[in-house]
Amino acid sequence: MERLIELLSKNYNLLLFLGLELIGFSILVKFNNNQHTMFSDFMMSFASRIQTANSNLYGFIALDEDNEKLQLENIRLRRNLLEVKSSYEAFLNQIPDSSRIIVDRDSTMPESKFTSIPCKAIGNTINSNYNYIVLNIGRNKKVVKEMGVISSNGVAGMVVAVSENYSLAMSLLNKKINISAKIKKKNILGTITWEGGDARYGLLKYVPQHVGVDRGDSIVTSGYSTMFPDGVMIGWVESVSSKNPDGFHIIKVRLATDFYKVKYLYLMEFEDKHEIDSLLNKNQ
C-alpha cells in the first residue's frame with residue numbers, strides 16, 4: 001500500500017494531466033455530434049477487427065477437429081460405397097442376363113471385407129529414392145503390417161513397421177514398392193512402381209503391347225491383395241511408350257495422391273487377412 005501511495009505521489013502531475021485530458025475528450029465527444037459520430041464509428045470498426053481476429057483464431061484452432069470429423073464421415077461413405085459395389089458386382093455375377101433380373105429382396109449379398117481406420121501423417125519424405133510416411137497410430141489401434149494406406153484421393157502406400165503408438169508406411173514414392181493395379185476400363189492387370197524423380201508420377205508395368213492404352217485412362221487397384229479393395233484410385237495414364245523390347249508398354253501414371261500435402265490418411269483393414277495369409281504360408 002505504501003508503494004502504491006509513493007508511486008501515485010511521484011506521478012501525480014502526469015496522472016492529473018491524463019485525467020484532465022480524458023475528461024476533456026469525453027466532454028468533446030459527448031456534446032459535439034461530429035466528434036461523437038467519428039468516435040462511435042472508430043470504436044465499432046475497432047471492435048469488428050477484434051471480433052474478426054478472434055473468429056479467425058478460433059477457426060484455426062477448430063480446423064483440426066473439423067478435419068477429424070470429415071475423416072470419420074469419409075470412412076462411413078467409403079464403407080457404404082464398398083458395400084454397394086460389392087453387392088452390385090455379386091448381383092451381376094449371379095445372374096448372367098441382366099435384362100431379365102428379378103430382385104429378391106430377401107437374398108443375402110456379401111459385404112465388403114475392408115474397413116477404414118483414420119490416422120494422420122506426422123512425418124513424410126518425398127526427396128529420397130525410398131520415402132516413408134510416419135503415422136500417429138500403431139498397435140493401440142490394431143494396426144498391423146501390410147495394411148494399405150490411402151488418402152482422400154487415392155493410394156498412398158503400405159504399412160511396413162508397427163510400434164505400440166506409431167507405424168511406418170512405405171510411401172508409393174519408394175523404389176521397393178509394387179502394387180497390383182489394373183487399367184479400369186479394360187480390366188487389364190499391371191503393377192504400379194516408382195523409379196525415383198518426380199513425386200507426381202509413377203509407372204505401370206507389365207501391360208502387354210498388344211493392349212491399347214489411352215492417355216487419361218484410370219489406373220486403380222486390382223483387388224488381388226489383402227492391402228486394398230478393388231477399384232481404389234491410383235492415378236491416370238500420362239503417356240505411353242511401346243518401344244520397350246520386352247513386349248510391355250512403358251506407361252507413365254500421374255498419381256492421384258498429392259504427396260506434397262499428405263496429412264489425413266486411412267488404413268485399410270481386411271477382415272480375413274490372417275486366414276488368407278495362413279493359407280499362403282502353408283503352401284510356400
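Each value in this text was obtained by applying a stated rule to the coordinates, not by laboratory testing. Keep in mind that what you see is a predicted model, and the values were worked out from it rather than measured. A quick note on method: Cβ atoms are made from the backbone with ideal geometry, for glycine too, and the neighbour counts reach across all protein chains shown.
Where the second residue is outside any strand (DSSP E or B) and among the aliphatic types (A, V, I, L, M) and the first is more than 15 Å from TYR201 (Cα to Cα) and lies in the range 230-256, which pairs have Cβ atoms under 7 Å and are six or more apart or on separate chains?
PHE248/VAL207; HIS249/VAL207; HIS249/VAL213
Quick one: is ASN187 free of Cβ contacts under 8 Å to residues at least 60 places away in the same chain and exposed (fewer than 15 other Cβ atoms within 10 Å of the Cβ)?
Numbers: free of Cβ contacts under 8 Å to residues at least 60 places away in the same chain: yes; exposed (fewer than 15 other Cβ atoms within 10 Å of the Cβ): yes.
Taking the combined requirement at face value, the residue satisfies it.
Looking at (1) among the β-branched types (Val, Ile, Thr); (2) crowded, with 18+ Cβ neighbours inside 10 Å; (3) free of Cβ contacts under 8 Å to residues at least 40 places away in the same chain; (4) within 23 Å of SER171 (Cα to Cα), find the lone condition where VAL213 falls short.
Every condition holds for VAL213 apart from (4).
Can you list the strands (runs of 3 or more DSSP E) found entirely within the range 103-222 that contain at least 3 residues being within 22 Å of VAL240 (Cα to Cα)? Even if it seems obvious, please write down each step before you answer.
Values: elements: 114-124, 130-135, 148-150, 155-162, 167-174, 179-183, 188-193, 201-205, 218-221.
Fully inside the range 103-222 and qualifying: 167-174, 179-183, 188-193, 201-205, 218-221.
Name the single residue, out of those in the range 135-158 being more than 19 Å from VAL220 (Cα to Cα) and either touching a Ser or Thr at 6+ places or on another chain (Cβ under 8 Å) or among the basic types (Lys, Arg) (or both), that is surrounded by the most Cβ atoms within 10 Å (Cβ to Cβ). Talk me through it step by step, then tell me what you get.
Narrowing the range 135-158 to residues more than 19 Å from VAL220 (Cα to Cα): 135-145.
Filter once more, keeping what is either touching a Ser or Thr at 6+ places or on another chain (Cβ under 8 Å) or among the basic types (Lys, Arg) (or both): 135, 137-139, 141-143, 145.
Working: LEU135: 27, ILE137: 20, GLY138: 19, ARG139: 13, LYS141: 16, LYS142: 12, VAL143: 22, LYS145: 11.
Going through the qualifying residues, I end up with LEU135.
Considering only residues that are crowded, with 17+ Cβ neighbours inside 10 Å and in contact with a Ser or Thr (Cβ under 6 Å, 6 or more places away or on another chain), which ones fall in the range 216-228?
Those that are crowded, with 17+ Cβ neighbours inside 10 Å and in contact with a Ser or Thr (Cβ under 6 Å, 6 or more places away or on another chain): SER222, SER225, PHE228.
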